[in-house]
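Below you'll find the structure, written out as structure tokens, and then a few comments.
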Amino acid sequence: MTATARLIVDGVDTFDRFGVFALETGLNDLLAYPPLKPVEANDWHEQEGIDADLSAPRLNGREVSIKIGATGELGAPQTIAKLEAFLSYLRQRVYRVFRFVFLGGREYTLRLVGEPNLTIVQALGFVTLKFADDYPLKGYTYRAPQSTVQVSTDYLMNGRPFTAYGARVTEGTLAEFARRADVKNGLTRNIATAHGVIGDELGAVRQKSKEVKVRLHFRAETFDELWRNYDALLYDLTRPGERIIRVRDLGNRDYQAYYKSAQVTAFYPDDRPWLDTTITLVILREPN
């Protein structure tokens, strides 16, 4: 077992103690940003978009999966015994601190919530465990981003380019911003004794809010640089108030937005780690 696959749980090297290890694949949901808790908003039919209360946005908890492996030289019974010993250790405490050596020492405080059935292939066994991540940004102290990625001002967030966070905005994002929001339903009356529906002729046609997906490709020279920039972006996305996203290729149009959720689509923990994520933003209203 190489050092890159080792998993430390509450200071215990799980390979040395139990002969188990975490798989480097299948960690996308663990690495993804947690979603935002629902935001209260007023959606007036006579106004464009929505008015959202962004005075105190808060991240939500989430469930994540981690795939654990073990191999027994004496066959399946030994493999199962290793995994069962590790599971017994996890059950002794509600919360455990997981340190992923192959993620540059990144840590998560997790709570075990599910133990699906084991999969045994010859002497190699796997179990995908479900955990609750109840404490997003636990113990986090903000560090301003420091990126080695070449500066590009094609997309700005509150005046700062996404490349300042080590991320390039990738293909498909521009079409998301350019796509127009749907039209709101105006006031109508549907009288049972008359044909059809009566619309508000004096009203105006208004547009709804919309969601856009911002596709980001993070690159860094080191894990410290990657996680510093990655975490700083989440922190800045969830500060109180709206974010102003400026899109250069749409005539420097400014979009009022707030963060909603994210997913990681690819991650490679090599000598120069990189990560692809898609962030969902809510655009409060179409810019004038």
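A probe of 1.4 angstrom, applied to the heavy atoms of all protein chains, finds Lys208 with accessible area near 80 square angstrom.
The alpha carbon convex hull volume per residue for segment 1-143 rounds to 150 Å³. Rounded to the nearest 20 debye, the dipole magnitude of the chain is 200 debye, with +1 charges on Lys and Arg beta carbons, -1 on Asp and Glu beta carbons, and the Cα centre as origin. Across the chain, Cα-Cα pairs farther apart than 30 Å form 44% of the total.
Structural descriptor for segment 2-134: relative contact order 29 percent, calculated from alpha carbon pairs under 8 angstrom and at least 6 residues apart.
Helix 223-237 and the longest principal axis of the Cα set of the chain meet at an angle near 30°.
With the Kirkwood sum run over all distinct C-alpha pairs, segment 104-186 has a hydrodynamic radius of 18.2 Å. Seen against the Cα atoms of the chain and their longest principal axis, helix 76-91 is set at about 60 degrees. Ligands, DNA and RNA left out, the accessible area of segment 1-143 computed with a 1.4 Å probe is 50% carbon and sulfur.
Relative contact order of segment 183-288, taken over Cα pairs closer than 8 Å and 6 or more residues apart, is 31 percent.
Quick one: what does P(r) look like for segment 129-246 with 5 Å bins over all Cα pairs, in whole %? Spelled out bin by bin, segment 129-246 gives 2, 9, 13, 15, 13, 11, 8, 7, 5, 5, 5, 3, 2, 0, 0 percent.
Computed with a 1.4 Å probe over protein heavy atoms only, the accessible area of Ile198 comes to about 70 Å².
Computed from point charges on the beta carbon alone (+1 for Lys and Arg, -1 for Asp and Glu), the dipole magnitude for segment 135-288 about its Cα centre is near 440 Debye.
Nonpolar atom fraction for segment 204-288, defined as the carbon and sulfur part of the 1.4 Å probe accessible area, stands at 42 percent.
Only lysines eight or more places from Lys210 in sequence, or on another chain, were considered; those with a Cα closer than 22 Å are Lys37, Lys184, Lys260.
Selection among Tyr89, Asn185, Gly251 by position relative to the dipole of the chain gives Tyr89 as farthest towards the positive end (Cβ unit charges, Cα centre).
Rounded to the nearest 10 square angstrom, Phe177 shows an accessible area of 0 square angstrom against a 1.4 Å probe. Reported to the nearest whole Å, the Cα centre-to-centre distance from segment 155-214 to segment 22-46 is 20. Using a probe of 1.4 angstrom and keeping all protein chains present, the accessible surface of the chain works out to 53 square angstrom per residue.
For segment 141-218, the relative contact order is 30 percent, taking Cα pairs closer than 8 Å that sit 6 or more residues apart in sequence and dividing their mean separation by the residue count.
The values are calculated or read from the model by the stated rules, or taken from the named source; none is laboratory data. Keep in mind that what you see is a predicted model, and the values were worked out from it rather than measured. We place every Cβ from the backbone using ideal geometry, glycine too, and count neighbours over all the protein chains shown. These area figures cover heavy atoms from the full protein model, side chains too; ligands, DNA and RNA do not enter into them. Shrake-Rupley method; radii C 1.70, N 1.55, O 1.52, S 1.80 Å.
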